[in-house]
Amino acid sequence: MSSAQQQSGPVQEHSGPVQRDPGQWSTLPDCKRVLVVIHTLVYGRRLQDLLHLFRADLRVSVVFTVAPHAFNSGVESVLTELAGLVLPWEQVCRTDFDLILTAGSQGMEQLRGPLVRLPHGAGHIKLSRPQDAATRTVGGLGRRYLTWQGRVVPRAFAVAHREERDALAWLCPEALPITEVVGDASYDRIALGLGRRDAYRQALGLRDGERLVLVSSTWGLGSAFHRLDALLPRLLTELPAERYRVAVLVHPNVHAGHGSWQVRAWLAAAGGDRLTLLPPQCDWRPALIAADFIIGDHGSVTLYGSMTGAPILIAQYPFRSVNRDSPGAQLARTAPSLSLSLRLDQQLDYAAEQYQPESYREIAARISSEPGAFDANIRRLLYRILELGEPAHRPEAEPLPLPQPLTGKEF
């Protein structure tokens with residue numbers, strides 16, 4: 001027997017894959033352990049906005065996991081881009097963490113450690129699905145999103161606006177003590193990016209004087225996707241080719257639920273050099289800032305468009321499935337409604353003529369009641385839970401990256 005065997009005991013045979021302990025053999029074993037739980041591409045994008053807060057802090061070690069979800073197809077691309085350590089879901093459910101970050105509620109009761117729940121969209125616009133409960137509630141704010149067997153699961157629920165905290169007083173009052181208003185990362189990064197609009201337009205390949213129409217669709221029944229087969233070809237035929245480009249942003253859940261090949265196939269009749277289907281893993285915010293017009297529905301992207309100064313047209317809006325008190329519903333009552341029976345160029349001109357900046361600024365102000373303060377607020381919350389002093393520098397929102405050119409090749 002070798003000296004190594006004498007010191008460590010007999011060699012054990014393994015009958016399956018080795019399960020790696022997050023702290024086993026680590027170079028910095030005394031770090032606080034943070035778990036980032038990614039359910040979908042959208043949730044992952046939300047949580048990516050937090051990661052820079054731990055940068056250069058050798059007291060903190062971050063690992064990732066993919067949580068069970070019907071739309072987690074494509075999450076691997078986010079994790080590959082991050083090049084982080086990914087642990088199996090079954091393993092993290094048996095492991096203690098010092099902090100857990102999630103933008104979704106599915107499976108959170110199985111995790112071990114103080115959990116911070118964040119919204120995965122803006123404005124809590126949608127109602128829960130009819131099949132999920134006898135009484136529909138505001139998506140993300142009801143008891144089914146924050147409790148398990150009568151117990152509040154998160155250590156903290158970080159919301160963007162004080163209106164959302166007020167709504168919890170009747171939707172889930174037991175969650176009020178753990179709810180903190182921190183602001184919205186996308187709001188802050190879009191606000192910062194408005195000053196770089198020319199750089200984003202140049203990166204997208206837009207010519208001087210060329211107008212970009214961004215068509216955005218959320219997922220599910222009532223989304224604008226149900227009209228795209230009729231809308232997109234008309235945008236290309238009715239808008240002058242020398243003046244307009246069109247970019248289409250389809251919610252990643254549509255790609256995850258049907259496959260990107262199928263999405264491209266459904267929209268193939270509208271393909272062309274002037275129209276680009278943005279890939280589901282892209283950061284949509286630079287394209288939103290660069291847009292001259294936005295055609296959307298009840299998704300978060302359309303609501304964020306109220307920040308940009310671009311005229312908005314509503315292509316589809318399922319009022320019975322929307323929180324009527326949300327800023328998204330206010331936007332639908334304010335923006336003109338798109339009609340497929342009228343010329344589209346004339347409707348864009350009308351939207352521009354009728355645009356009232358003060359009305360849209362009022363709507364945008366309801367996205368975040370802590371403008372510019374998300375990074376400071378959320379870092380204070382996270383480090384308090386970690387029981388660590390914050391790093392000795394002011395946290396600031398990071399500039400959005402330059403986008404890839406609109407090539408028209410995604411179809």
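The values are calculated or read from the model by the stated rules, or taken from the named source; none is laboratory data. Owing to the predicted nature of the structure, the values given are computational and were not obtained by experimental measurement. All Cβ positions, even for glycine, are placed from backbone atoms using ideal geometry, and neighbour counts span all protein chains on display. Quick note on the areas: whole protein, heavy atoms, side chains included, nothing else; ligands and nucleic acids left out. Shrake-Rupley method; radii C 1.70, N 1.55, O 1.52, S 1.80 Å.
Note on the range 354-411: residues that are within 22 Å of Phe293 (Cβ to Cβ), touching a helix residue (DSSP H, G or I) at 6+ places or on another chain (Cβ under 9 Å) and in a helix (DSSP H, G or I) amount to 6. Pull up the range 202-219, narrow it to residues that are out of contact with any strand residue (DSSP E or B) (no Cβ under 7 Å at 6 or more places or on another chain) and open to solvent by 30 Å² or more (accessible area, probe 1.4 Å), then point me to the one that is nearest to Leu127 (Cα to Cα). Out of the qualifying residues, it is Trp219.
I'd like to check which helices (runs of 4 or more DSSP H) are fully inside the range 65-170 and have at least 2 residues that are among the hydrophobic types (A, V, I, L, M, F, W, C). First the steps, then the outcome.
On the way: elements: 75-82, 89-92, 143-146.
Answer list for the range 65-170: 75-82, 89-92.
Of the residues examined, Ala191 is one that is of a type outside the set (D, E, K, R), crowded, with 17+ Cβ neighbours inside 10 Å, modelled with pLDDT of 95 or more and assigned to a helix (DSSP H, G or I). Take the range 110-121 and flag every residue that is at pLDDT 95 or above and open to solvent by less than 50 Å² (accessible area, probe 1.4 Å). Result: Leu111, Gly113, Pro114, Leu115, Val116, Arg117, Leu118.
Residues being of a type in the set (Lys, Arg) and assigned to a loop (DSSP other than H, G, I, E, B) are entirely absent from the range 250-267.
The set of residues in the range 270-287 that are assigned to a helix (DSSP H, G or I) and out of contact with any helix residue (DSSP H, G or I) (no Cβ under 6 Å at 6 or more places or on another chain) contains only Ala287. Filtering Ile363, Ile312, Ile385 for residues that are in contact with a strand residue (DSSP E or B) (Cβ under 7 Å, 6 or more places away or on another chain), at pLDDT 95 or above and within 15 Å of Ile190 (Cβ to Cβ) leaves a single hit, Ile312. Scanning the range 388-407 for residues that are surrounded by 13 or more Cβ atoms within 10 Å (Cβ to Cβ), in contact with a strand residue (DSSP E or B) (Cβ under 8 Å, 6 or more places away or on another chain) and closer than 25 Å to Ile190 by Cβ yields a single hit, Leu406. Taking the numbered list (1) open to solvent by 20 Å² or more (accessible area, probe 1.4 Å); (2) touching a helix residue (DSSP H, G or I) at 6+ places or on another chain (Cβ under 7 Å) in turn, Val138 passes all entries but (1).
Regarding the range 231-243, can at least one residue be identified that is under 24 Å from the mean Cα position of the chain (by Cα), of a type in the set (Asp, Glu) and open to solvent by 10 Å² or more (accessible area, probe 1.4 Å)? Spell out the reasoning first.
Step one: of the range 231-243, the residues under 24 Å from the mean Cα position of the chain (by Cα) are none.
For the range 231-243, residues under 24 Å from the mean Cα position of the chain (by Cα), of a type in the set (Asp, Glu) and open to solvent by 10 Å² or more (accessible area, probe 1.4 Å): absent.
Close contacts from the range 138-154, counting a first residue that is within 20 Å of Pro114 (Cβ to Cβ) and in contact (Cβ under 8 Å) with a residue 60 or more places away in the chain and a second that is assigned to a loop (DSSP other than H, G, I, E, B) and hydroxyl-bearing (Ser, Thr, Tyr), with Cβ to Cβ under 7 Å and a gap of 6+ residues or different chains, come to none at all. Residues in the range 85-107 that are open to solvent by 10 Å² or more (accessible area, probe 1.4 Å) and among the aliphatic types (A, V, I, L, M): Leu85, Val86.
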